[in-house]
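Participant: Sharing a structure here in structure tokens format.
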Amino acid sequence: MSKKVKAQKVMPSQEIKYCVYALMRLFVALSALKTIGRLCEKCAKDTSIKNALFHNAIIFYGSVFKHSNVGNGKKIKTGEWYVPKRYLELHKRLVDYRDKFVAHFDFEYSKPKLGIGKKGTHFYKLAECPIPDMINEIPEIEQLIQGVLMNLGTQTFPAKKST
């Protein structure tokens with residue numbers, strides 16, 4: 001069981017550096033998803049390539065919503081308030097998927113199966129993607145990431161008011 005990490009006051013310079021770091025990770029996540037749509041016909045049929053890119057996107061996206069060390073024993077993370085409300089449920093499913101299947105190994109989430117094959121051999125199989133429909137939600141996931149990028153970017157680099 002993970003322990004709760006209290007919100008900590010960080011220096012403004014640490015917060016800016018972290019926000020730039022988070023924006024970069026979100027761009028990498030979005031890029032991985034966009035790459036899935038640009039795969040050649042042969043690669044597009046290979047589920048291992050698509051799953052690797054998809055898992056990469058999930059890891060990079062979800063990581064910005066987890067605490068990160070910023071020095072002097074301080075931790076910071078991107079808050080859920082940057083997630084557009086219409087995508088909050090999808091966001092929670094993605095972070096849960098990242099935490100239990102992609103970045104860490106949750107035994108039950110992997111739906112293990114033990115069986116006997118046709119020739120009497122035993123086999124053990126883990127789900128390749130316990131939420132296979134999630135990969136079909138790539139357009140919505142891209143919109144989610146773009147929304148977080150917009151919200152976090154505007155807060156980090158507010159537009160200057162014209163005089």
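Rule-based calculations on the coordinates, nothing more; no lab input. In this text, all values refer to a predicted model and were calculated from it rather than measured experimentally. Methodologically, a virtual Cβ is constructed for each residue, glycine included, from the backbone with ideal geometry; neighbour enumeration extends over all protein chains shown.
Participant: How far apart, in nanometres, would the label points at L114 and Q14 be if each is projected 7 angstrom from Cα along the Cα-to-Cβ direction?
Facilitator: Rounded to a tenth, the inter-label distance reads 4.7 nm.
Participant: Fully extended, how many nm does the chain gain between D46 and L88 (0.36 nm per residue separation, minus their Cα-Cα distance)? The partial results should precede the final answer.
Facilitator: Details: separation 42, 0.36 × 42 = 15.12 nm, distance 3.04 nm.
Working it through step by step, the gained length comes to 12.1 nm.
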